[in-house]
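In what follows, a single structure is set out as structure tokens and then discussed.
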Amino acid sequence: MTDLRHGGLVIIDYGSQTSQLIARRVREQGVYASLAPYTASAESALALAPRGIILSGSPSSVYDTDAPRLPGWVLESGLPVLGICYGMQLITHALGGKVAPSGAREYGPATIALDPAAASLPLWAGLDPEQAVWMSHGDRLEAPPPGFATLARSTNSPYAAIGDPARRLFGVQFHPEVTHTPHGGLLLANFALGVCGCEPRWQPEAFIEQAVADIRARVGGDRVVLGLSGGVDSAVAAVLLHRAVGDRLTPIFVNNGLLRKDEPQEVVATFRDGLGMHGLVAVDATETFLDALNGVTDPEQKRQIIGRLFVETFEQAAERSGSLDWLAQGTIYPDVIESAGTGRPGAHVIKSHHNVGALPERMKAHLVEPLRDLFKDEVRRVGEALGLPEEIIWRQPFPGPGLAVRCLGAITWERLETLRAADAIFREELGAAGMLRGETAQAFVALLPVRSVGVMGDLRTYAETAVLRAVTTQDFMTADWARLPHELLARVSNRIVNEVRGINRVVYDISSKPPATIEWE
């Protein structure tokens, strides 16, 4: 079976905050796209036999001494190249054009006008002569390289797009990958399909067929254990594995006492009874986790303790089940990126959960991650193609450390129960308003270790503050706060204060701006 990832595009990542969005937008066209750091060798970057290359944006300036450069193999490969913002400036700088600081920086919406030379090119097929785009640059082209034609211009960018069609080299100063460029998806589709000749083979049904075949080929007749959280990632991984190996799959669900209200019971009922995974092992390790977290207030220390205990608990359960040959995880592409798994320039370890990164050396199991190449929206589409229930596909993400990073300060059973009750009210009201899907990608309550005086009726209270957080996102790489109706927020606040002991104040978090981390702590 031909690898579906072959014959797609490779994106050379220069540290732009939207590099991952380029990959996701290309995949929306049915073409696989992967990220490679600009330091990658030709052998590594071209390992999947891509049919084209995209150069991402960057916070750098090409004329700086220590600026990231264009690898020689990019142009030597003879593949079509599309440079985006810094990527276009790199092509220009490398081929003898001129890039200089812009007299008027362009950040935000702009309108580009296509030159007549662009009209007949496949890159611009179906696009109107004037296009709304999103600019984000402090440098601009003063002169394109020899052999390049001007394809578009804006008020502040005389060379908003350039190209050498004979060599299939193109550059755009704007960002087609962001939603603020309404027809950017069509431009990327034109490049992938029209210029590079890629085939739109990256589809959920084809992925399922290949994933099942790959799992069977790797695992053979061995047994597989899976860390099951109940979220959509581990659920889709579980169904794929179950389809591949049947009863040789042992899903292990660890209740660490840090889950949402009624979640332990719901997970067991869904997977053991609803999906027929009768080998599911459920472990209640609440006391073990809470004892270890007693008095710990630092969020990263909480994560480390939870990660260590999870691995130990999981390992013990797996050994009792009789096998630890293969360990499966629901790792997805953003997990890999945010745990610096790609080695991308300037990458920081954003995620330090137990379900991202390498296994402890003492665990001799081989790792299988069937969703490692997928974004969250792709996982959901695969789940739909597998026939999973909607309540699983649209279950909102839950961090590996659970409520530990939403219960700020010291963790006690009483504070966790308070947080669980408040969180359940928030999600219940959002569900009743039909806002648990498209309107909010993730919504939860955090509990602050800050007590304040309040008055309820004739009584004086001294209790903690709950923070409501709801975000919108399409890709789980960037997020913005959800503009919830005031009436809904008032109703949620009123219910929490009246129904949940230990909370006398509720606030709504609107501090984030895109890009923003999904989790809050």
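As I understand it, the value is the acute angle between the Cα axis of helix 204-219 and the longest principal axis of the Cα atoms of the chain; what does it come to in degrees, rounded to 10? Approximately 70 degrees, to the nearest 10.
Where a ≥ b ≥ c are the square roots of the eigenvalues of the C-alpha gyration tensor, would you call region 40-114 rounded, which needs a/c under 1.5, or, failing that, prolate if a/b is larger than b/c, or oblate? In terms of gyration-tensor shape, prolate. Taking θ as phi - 60° and the Karplus parameters 6.51, -1.76 and 1.60, the scalar couplings of region 6-21 work out to 6, x, x, 10, 10, 9, 7, 8, 9, x, 5, 6, 10, 4, 5, 5 Hz in sequence order, x denoting glycine and proline. Per-residue extension of 0.36 nm, minus the Cα-Cα distance of L75 and Y63, leaves a gain of 2.4 nm for this segment.
Which of the peptides 75-87, 441-453, 374-386, 213-225 is most tightly packed, and how do the rest follow, judged by the mean count of other Cβ atoms within 10 Å per residue?
The peptides rank, most packed first, as 75-87, 374-386, 441-453, 213-225.
Semi-axes of the equivalent ellipsoid of region 251-326 are 24, 16, 9 Å, computed as sqrt(5λ) over the eigenvalues of the C-alpha gyration tensor in descending order. Against the chain, whose longest principal axis is taken from its Cα atoms, helix 376-386 shows a tilt of about 70°. Normalising the Debye intensity of region 119-260 to I(0), with uniform scatterers on Cα atoms only, and taking log10 at q = 0.14, 0.18 Å⁻¹ returns -0.77, -0.98. Of the beta bridges in the chain, as assigned by DSSP with both residues counted there, near 50 percent are antiparallel. Against the chain, whose longest principal axis comes from its Cα atoms, helix 413-432 is set at around 60 degrees.
Quote the FRET efficiency, to the nearest 0.05, computed for T111 versus V450 with a Förster distance R0 of 60 Å and r equal to the Cβ-Cβ distance. With R0 = 60 Å, the Cβ-Cβ based efficiency is 0.80. Taking 0.36 nm per residue of separation and subtracting the Cα-Cα distance, full extension of the segment from T472 to S44 would add 150.6 nm. The C-alpha atoms of region 213-278 occupy a region whose extents along the principal axes are 39, 20, 17 Å, arranged from largest to smallest.
Residues whose amide H falls under 5 Å from that of L367, counting only those 5 or more places apart or on a different chain, are L327, with hydrogens built in the peptide plane. In a fully extended conformation the segment linking E384 and A269 would gain 39.4 nm over its present Cα-Cα distance, using 0.36 nm per residue. Share of carbon and sulfur in the accessible area of the chain stands at 50%, probe radius 1.4 Å. Both numbers refer to the Cα atoms of region 86-181; Rg and Dmax are 12.3, 33 Å. Applying the Karplus relation 6.51 cos²θ - 1.76 cosθ + 1.60 with θ = phi - 60° to region 49-60 yields 3J(HN,Hα) values of 6, x, 9, x, 10, 10, 9, 7, x, 6, x, 7 Hz, where x marks Gly and Pro. In this entry, the chain is assigned a mean projected area of 26.3 nm², taken as a quarter of its C-alpha convex hull surface.
The residues of the chain expose on average 42 square angstrom of accessible surface per residue, using a 1.4 Å probe on protein heavy atoms. Take every Cα pair under 8 Å whose residues are at least 6 apart in sequence, average their separation, divide by the length of the chain, and the relative contact order is 11 percent. Go ahead and estimate [θ] at 222 nm for the chain from helices alone: -39,500 (n - 2.57) per DSSP H run with n ≥ 4, summed, over the residue count, rounded to 500. Rounded to the nearest 500, the figure is -9000 deg cm²/dmol. Please report the spacing between the Cα centers of region 80-122 and region 169-216 in Å, no decimals. Each part reduced to its Cα centre gives a spacing of 21 Å. Modelled this way, with points 7 Å down the Cα-to-C-beta line, the labels at A149 and R218 are 4.7 nm from one another.
The values are calculated or read from the model by the stated rules, or taken from the named source; none is laboratory data. Everything numeric in this text was worked out from a predicted model, so none of it was measured. Cβ: placed from backbone, ideal geometry, glycine included. Neighbour counts: every protein chain shown. Quick note on the areas: whole protein, heavy atoms, side chains included, nothing else; ligands and nucleic acids left out. Shrake-Rupley method; radii C 1.70, N 1.55, O 1.52, S 1.80 Å.
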